[in-house]
Amino acid sequence: MTLHTWQISFNDYFVPIGNQLAAAIISPGSKQYPVSCHGSQKSFVLHETTSEEVKIIIDNLLVSKSVRMNDIPIHILKTCKQILSPFLAQLFNRWVKTSIYPEFLKCTQVIPIHKGGQKSLYKLYAYIPAVSI
């Protein structure tokens with residue numbers, strides 16, 4: 001199997017999954033949207049945050065972790081946390097209040113990790129998302 005054929009097989013297998021998941025999402029403005037998620041094992045609730053909480057999260061980030069090309073290096077976040085934390089908290093709180101998660105944060109790079117067996121079979125790979133911090 002050539003690399004091009006493998007890529008087509010990979011896309012044919014995974015591209016429909018996104019559409020299937022997207023079709024199952026209930027719109028925030030819909031009357032079907034649950035008012036309270038408490039008690040549901042399939043849901044989670046996001047609460048507003050403070051700049052102090054953001055500072056603590058930044059403090060707990062490991063500088064030794066690598067970042068992708070377009071990510072902000074962790075040592076820069078730590079150096080600028082006093083300035084950035086109020087803005088980051090405000091952004092996050094806006095997303096919580098509006099129930100809208102920005103499109104640019106919904107994308108990720110997927111890294112295929114071979115699990116063993118024939119390397120040309122895409123089903124023998126674990127697909128790990130490389131998420132930003």
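The values are calculated or read from the model by the stated rules, or taken from the named source; none is laboratory data. Predicted model, so just to flag it, every value in this text is computed and none were measured. Here the Cβ positions follow ideal geometry from the backbone for every residue, glycine too, while neighbour counts run over all protein chains shown.
Return yes or no: is P28 modelled with pLDDT of 70 or more and under 21 Å from the mean Cα position of the chain (by Cα)? Against the criterion (modelled with pLDDT of 70 or more and under 21 Å from the mean Cα position of the chain (by Cα)), P28 does not qualify. Taken over region 45-87, the residue count meeting the criterion of being under 21 Å from A130 (Cα atoms) and under 18 Å from the mean Cα position of the chain (by Cα) is 13.
Among the listed residues L124, L105, identify the single one that is under 22 Å from the mean Cα position of the chain (by Cα) and among the aliphatic types (A, V, I, L, M).
Checking each option against the conditions leaves just L105.
Beta carbons closer than 9 Å, at least 6 apart along the sequence or on distinct chains, pair a first residue in region 91-102 that is within 16 Å of E53 (Cβ to Cβ) with a second that is of a type outside the set (D, E) and part of a helix (DSSP H, G or I) for F92/V54; W95/L105. Restricting attention to region 103-130, the residues that are of a type in the set (D, E, K, R), under 27 Å from T49 (Cβ atoms) and touching a residue at least 12 places away in the same chain (Cβ under 8 Å) total 0. Only one of the numbered conditions (1) in contact with a Pro (Cβ under 9 Å, 6 or more places away or on another chain); (2) exposed (fewer than 13 other Cβ atoms within 10 Å of the Cβ) is violated by Y125, and that is (2). Picking from residues in region 88-133 that are within 19 Å of I8 (Cα to Cα) and of a type in the set (F, W, Y), the one that is modelled with the lowest pLDDT is Y122.
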